[in-house]
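What follows is one structure encoded as structure tokens, with my remarks underneath.
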Amino acid sequence: MYAESTPRHGAAAPAPGPAGGGTDPHEELARDLGIGAPGFTTRGLGADPESLREARAFVRDALANWGLHACADEITLVAGELVSNAVCHGLPPAAQHPGRPAARLGLACQDGTLVCAVNDPSPAVPVLRRADDSVERGRGLRIIDALSSSWGWSRPSGAGKTVWARIPVAPAG
């Protein structure tokens, strides 16, 4: 996983070097995040609003499997904001790629930290903007910033980017 020295507030973090071949999207996202341990799960997402509902259900199921019920609301909110940003800003319209996942949501839980990450094909990097009270949108990264210990983005070996957030979690007990 990313080191504690990873910049906060959306700064780019270098992606770890490749760890072998293969084109499995699950493995590619794990390599991009520097994760090689069990406790990592991913789900493909389409370029449609339904992806947000599916992502939230996926996160809640994974957290339940890991016994992390206490932080489910916060982590689901962070994942939802990352997915919303990908669907709104990082994905081509669903009609261009019908039936094919256009992005990938990944969750990894290790050593009291949960990493939530979304990989999408857009090269545009996330920007933390000043909240504008007159606009209904544009607060997603502010929410992520408030609920995470750090967040940022990296460029995987392929095209696009991965936006991630680290959230401290209490071990199930």
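Just checking, does the range 7-17 include any residue being surrounded by 15 or more Cβ atoms within 10 Å (Cβ to Cβ), in a loop (DSSP other than H, G, I, E, B), at pLDDT below 70 and over 16 Å from the mean Cα position of the chain (by Cα)? Yes: one or more hits.
Taking every residue in the range 112-132 that is of a type in the set (S, T, Y) and pairing it with any residue that is outside any loop (DSSP other than H, G, I, E, B) and open to solvent by 60 Å² or more (accessible area, probe 1.4 Å), at least 6 positions away or on another chain, the pairs with Cβ-Cβ distances below 7 Å are T113/P168; S122/H89.
Taking only the range 122-173 into account, find how many residues are modelled with pLDDT under 70 and of a type in the set (A, V, I, L, M, F, W, C). Number satisfying all stated conditions: 3. Of the helices (runs of 4 or more DSSP H) lying entirely inside the range 23-95, those carrying at least 3 residues that are over 15 Å from C116 (Cα atoms), open to solvent by 60 Å² or more (accessible area, probe 1.4 Å) and at pLDDT 70 or above are 50-65.
The values are calculated or read from the model by the stated rules, or taken from the named source; none is laboratory data. Only a predicted model underlies this, so the values are computations on that prediction, with no experimental measurement involved. All Cβ positions, glycine included, derive from the backbone under ideal geometry; neighbour counts span all protein chains shown. These accessible areas exclude ligands, DNA and RNA; they are computed on the full protein's heavy atoms, side chains included. Shrake-Rupley method; radii C 1.70, N 1.55, O 1.52, S 1.80 Å.
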